[in-house]
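Asks: Provided herewith is a single structure, encoded as structure tokens, for subsequent inquiry.
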Amino acid sequence: MDSSLQVLFDQVVGRNPGEAEFHQAVAEVLESLGPVVTKHPEYTDAAVIQRLCEPERQIIFRVPWVDDRGDVQINRGFRVEFSSALGPYKGGLRFHPTVYLGIVKFLGFEQIFKNALTGLPIGGGKGGSDFDPKGRSDGEVMRFCQSFMTELYRHIGEYTDVPAGDIGVGGREIGYLFGQYKRITNRYESGMLTGKGLTWGGSQVRKEATGYGTVFFVEEMLKAAGESYDGKRVVVSGSGNVAIYAIEKITQLGGTVVAVSDSSGYVVEESGIDLATLKDVKEVERGRVGDYVARRPDARLGTSGSLWDVPTDIALPCATQNELDEAAAATLASNGCRIVAEGANMPTTSAAIRVLGDAGVLFAPGKAANAGGVATSALEMQQNASRDSWTFEHTERRLDEIMRGIHDRCLATADEYGLPGDYVAGANIAGFIHVADAMLALGLI
Ligand code: NDP
Ligand code: 2IT
């Protein structure tokens, strides 16, 4: 890291103790910005980087609710509003027992640059709770969401802050959250939340967008190397929203997904994961990968190691942060993997990224590769603002164009800074410059 940026990084660590994931996300961006601060002293003069590392506003609140046994439960809710230089704060809500301020801040920080890369008018934010929806009834999830929104509603709105889903927050949770906001405010303010159902203000393709977008991004990487998905083996970690729709699009484009996972283990099926069965198990029954194996005679449950041991041409980590470590990266590379693209946020450790780079494996960071979800959220906001709704085909075409634009912007920026083919540098620099220029224009805020 450039020595002046190292000083800033040390300040961030000192001001935000114990938030390892936030430190990691900041370090990964600052490691790319050396050539930018050399070329543009105006960013340093206006303390743009220090300002970006300090959220504009952080909200932490109590979420009391009553479970099915009649017992009172208390969770902690968060919304970190990081940057509104480019538009209203925009980013998902995560419900998972591991959520604490450091996770929300890493995600919110990443979101600033990701959203900037889309070229759409959205700032960066993130929120969530340490609530665990797993094993909870629909009634419990509803009561939790209603309590969560009873505090959150005063901080958000179509022109202020627009949440959406993330881990543990899908269509069901967005429905309960939207319903409670509508009830409290007496406003049918469609544009205050994205990921809504298609009959009440949602957009076609939003559900599919993150997975599809990641696959479109990789398609551009393959094209740049004169290749396609045809005949390629792909391993996708996770089996939630992002993973399922990545698998759907890979299969449509001629690739074969041979392994998926969840937090209980992984599944290998050499002839290709059966999407209809996976959707039934995961989307309808909220089951485990073991339930998938029980229905597919040729599938096997991985009992040792991890799904990164399965030989593959392309690896898409689509579950959670730091799920792909140095050893996994070395195994992927030695088994001939050519491309790793992050469907999840920061799933690859810093050491693993270095191993992949040294081995010549192409690597696409999440803030570029998984930006299709939030980009389609911005398209949902556009449709809400004009009280219109677009067809699936039109919306998917827009998503594809946006992903191609991000891919090309990353490569062009990497070239401009003398780092050809470096998607990490390209994404960090292009995203940073877009938001930094807006911050200069808006004065000291
Ligand atoms: P889901 O809740 O739908 O699915 C998450 C998947 O990841 C599940 O299979 C889950 O397994 C697995 N997983 C989660 N946490 C862990 C863990 N600690 N260890 C092992 N496996 C885990 O979430 P999404 O698919 O929406 O999100 C996946 C990733 O993509 C996240 O990093 C998210 O931030 C990112 N992302 C999501 C976007 C979206 O639009 N939804 C947009 C951009 C990025 P299990 O069910 O067993 O917990
Ligand atoms: O990480 C992400 O980009 C998301 N969870 C989606 C955010 C959004 O506002 O659609």
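The values are calculated or read from the model by the stated rules, or taken from the named source; none is laboratory data. Since this is a predicted model, take the numbers as computed values, not measurements. Don't worry about glycine lacking a Cβ; one is built from the backbone with ideal geometry, like all the others, and counts go over all protein chains shown. Accessible surface areas use protein heavy atoms only, side chains included; no ligands, DNA or RNA. Shrake-Rupley method; radii C 1.70, N 1.55, O 1.52, S 1.80 Å.
Asks: Taking the criterion of being buried (at least 21 other Cβ atoms within 10 Å of the Cβ), more than 16 Å from ligand 1 (Cβ to nearest atom), under 28 Å from Ala438 (Cα atoms) and within 24 Å of the chain's Cα centre (by Cα), would at least one residue in region 58-77 satisfy it?
Replies: No - not one qualifying residue is present in region 58-77.
Asks: Now, a different point. Only one residue in Phe131, Phe144 is touching a Gly at 6+ places or on another chain (Cβ under 9 Å) and either more than 16 Å from ligand 2 (Cβ to nearest atom) or more than 25 Å from Val284 (Cα to Cα) (or both). Which one?
Replies: From the options Phe131, Phe144, the qualifying one is Phe131.
Asks: What number of residues within region 287-298 satisfy the criterion of being touching a residue at least 24 places away in the same chain (Cβ under 8 Å) and out of contact with any Ser or Thr (no Cβ under 9 Å at 6 or more places or on another chain)?
Replies: 1
Asks: Filter region 181-195 down to residues that are open to solvent by less than 20 Å² (accessible area, probe 1.4 Å) and part of a helix (DSSP H, G or I) and give me whichever is farthest from Arg154 (Cα to Cα).
Replies: The residue in question is Gly191.
Asks: Now for a different question. Quick check: anything in region 361-377 among the basic types (Lys, Arg) and crowded, with 23+ Cβ neighbours inside 10 Å?
Replies: yes
Asks: Which residue, of Glu326, Glu342, is among the acidic types (Asp, Glu) and closer than 23 Å to Lys279 by Cα?
Replies: Glu342
Asks: State whether one or more residues within region 98-118 are closer than 20 Å to Gly372 by Cβ, open to solvent by less than 10 Å² (accessible area, probe 1.4 Å) and in contact with a His (Cβ under 6 Å, 6 or more places away or on another chain).
Replies: yes
Asks: May I pose another question? Pick out the one residue from Arg206, Arg143 that is open to solvent by 10 Å² or more (accessible area, probe 1.4 Å) and within 16 Å of ligand 1 (Cβ to nearest atom).
Replies: Answer to the check: Arg206.
Asks: While we're looking at this one, here's another question. Can you name the residue in region 366-395 that is within 16 Å of ligand 2 (Cβ to nearest atom) and of a type in the set (D, E, K, R) and is also farthest from Ala427 (Cα to Cα) among such residues?
Replies: Glu380
Asks: Could you say which residue among Leu411, Leu442, Leu399 is under 22 Å from Cys318 (Cβ atoms) and either open to solvent by 10 Å² or more (accessible area, probe 1.4 Å) or within 16 Å of ligand 1 (Cβ to nearest atom) (or both)?
Replies: The unique qualifying residue is Leu399.
Asks: On the given criteria, is Glu54 closer than 30 Å to Leu193 by Cβ, open to solvent by 30 Å² or more (accessible area, probe 1.4 Å) and acidic (Asp, Glu)?
Replies: Spelling it out, Glu54 is indeed closer than 30 Å to Leu193 by Cβ, open to solvent by 30 Å² or more (accessible area, probe 1.4 Å) and acidic (Asp, Glu).
Asks: Let me ask another. Report, ordered by the first and then the second residue, all pairs with beta carbons closer than 6 Å, sequence separation of six or more or different chains, a first member in region 221-240 that is at negative phi, and a second member that is aromatic (Phe, Trp, Tyr) and away from ligand 2 (no atom under 16 Å from the Cβ).
Replies: Once the first residue is at negative phi and sits in region 221-240, no partner that is aromatic (Phe, Trp, Tyr) and away from ligand 2 (no atom under 16 Å from the Cβ) comes close enough.
Asks: If a residue must be among the basic types (Lys, Arg) and within 25 Å of Ala328 (Cβ to Cβ), how many such residues does region 205-240 contain?
Replies: Residues that pass the stated criteria total 2.
Asks: Starting from residues that are within 19 Å of the chain's Cα centre (by Cα) and of a type in the set (D, E, K, R), keep the ones in region 352-389 and report whichever is nearest to Ile167 (Cα to Cα). Don't jump to the end; show me each part of the working.
Replies: Just the residues of region 352-389 that are within 19 Å of the chain's Cα centre (by Cα), to begin with: 352-353, 363-381.
Filter again for of a type in the set (D, E, K, R), leaving 367, 380.
Working: Lys367: 16, Glu380: 20 Å.
Among those residues, the one meeting the criterion is Lys367.
Asks: Taking region 209-238 as the search range and keeping residues that are open to solvent by 10 Å² or more (accessible area, probe 1.4 Å) and farther than 21 Å from Ile406 by Cα, which one is farthest from ligand 2 (Cβ to nearest atom)?
Replies: Looking at the filtered set, the residue picked out is Gly231.
Asks: Sticking with this structure for a sec: Could you list, in sequence order, the residues of region 236-274 that are of a type in the set (Val, Ile, Thr), within 11 Å of ligand 1 (Cβ to nearest atom) and more than 18 Å from Leu324 (Cα to Cα)? Full working, then the answer.
Replies: Taking region 236-274 and keeping what is of a type in the set (Val, Ile, Thr), we get 236, 242, 244, 247, 250-251, 256-258, 260, 267-268, 273.
This time we only want the ones that are within 11 Å of ligand 1 (Cβ to nearest atom), so: 236, 242, 244, 260.
Result: Ile244, single match.
Asks: Let me ask something additional. From the set of residues in region 1-23 that are touching a Phe, Trp or Tyr at 6+ places or on another chain (Cβ under 7 Å) and not in a loop (DSSP other than H, G, I, E, B), which is least open to solvent (accessible area, probe 1.4 Å)?
Replies: Taking the candidates together, the pick is Phe22.
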